[in-house]
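Participant: Below you'll find the structure I mean.
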Amino acid sequence: MADAASGRGARVVLLGPPGAGKGTQAQVLCQHLGIPAISTGDMLREAVAGGTPLGNKVQGIMASGALVDDATMADVVRDRLAKPDAGRGYLLDGYPRTLPQAETLAGILRDAGQDLDAVLLVDVPEDELVRRALLRGRGPDDTEEVIRKRQRVYREKTAPLIGYYRQRGLLREIDGNRPIEDVTAVMLRLFGLDHGTNHEAAGA
Ligand code: AMP
């Protein structure tokens, strides 16, 4: 059993459609594993809020529901993974999002003599995701059109990563269409970590 206080480290990719609750899951898992949750979406939103050159470049793209180009994202991720807190591992939430990004990550890992431990796919049916997103209604940009566009971009550009990582024996699939604490329990169990409070759900 891993020690929750120290964590044992791991390199994990969290994959799944927009709105599947990946961010929430990432926080819990990272706490247990003692690694930072690295959300490229959060990093870009911070850049936009801070009015940095990167932020100015990506603002319109993000608002439209499209993806920022792979070269820009490669710079963002390379810099972030070189920071000391990523030394014992990390959980990537929102990266990679395209096959070229997956190859970039593979290159970063290869250069460091490292491997991924797992790619977790949190899956939720698209109609349920759109329903949740509309309920949340974050801002003026979150129209049904933009929400649907994000789902389409996921299907076309990101979903191919499922096969890519399955082929490499890294994919672990988790049904995300269930209560959040059940999803958490299943995820922790995958890593041999005990959630402690929800044994029944973990066994489901
Ligand atoms: P997220 O919070 O992960 O849904 O990201 C919000 C937005 O940031 C996305 O809709 C994209 O416009 C942009 N973004 C985040 N991560 C990436 C990535 N890996 N590649 C391209 N664009 C990204």
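Each value in this text was obtained by applying a stated rule to the coordinates, not by laboratory testing. What you see is a predicted model; the values in this text were computed from it and never measured. Quick reminder, even Gly has a Cβ in these numbers, built from the backbone with ideal geometry, and neighbours come from all protein chains shown.
Participant: Roughly how many nanometres apart are two label points built 7 Å out from the Cα toward the Cβ at residue 103 and residue 49?
Facilitator: Those two pseudo-labels are separated by 3.5 nm.
Participant: Which of 65, 89, 41 moves the most in a Gaussian network model of the chain with Cα springs under 10 Å?
Facilitator: The residue with the greatest mean-square fluctuation here is 41.
Participant: Beyond 23 Å, what percent of the Cα pairs of the chain remain?
Facilitator: Of the Cα pairs, 45 percent sit more than 23 Å apart.
Participant: If the only charges are +1 at each Lys and Arg Cβ and -1 at each Asp and Glu Cβ, what is the size of the charge dipole of region 81-202 around the Cα centre, to the nearest 20 debye?
Facilitator: 360 debye
Participant: Further question: For the chain, what is the charge dipole size about the Cα centre, in debye to the nearest 20, if Lys and Arg each add +1 at the Cβ and Asp and Glu each add -1 at the Cβ?
Facilitator: The dipole of the chain has a size of about 260 debye.
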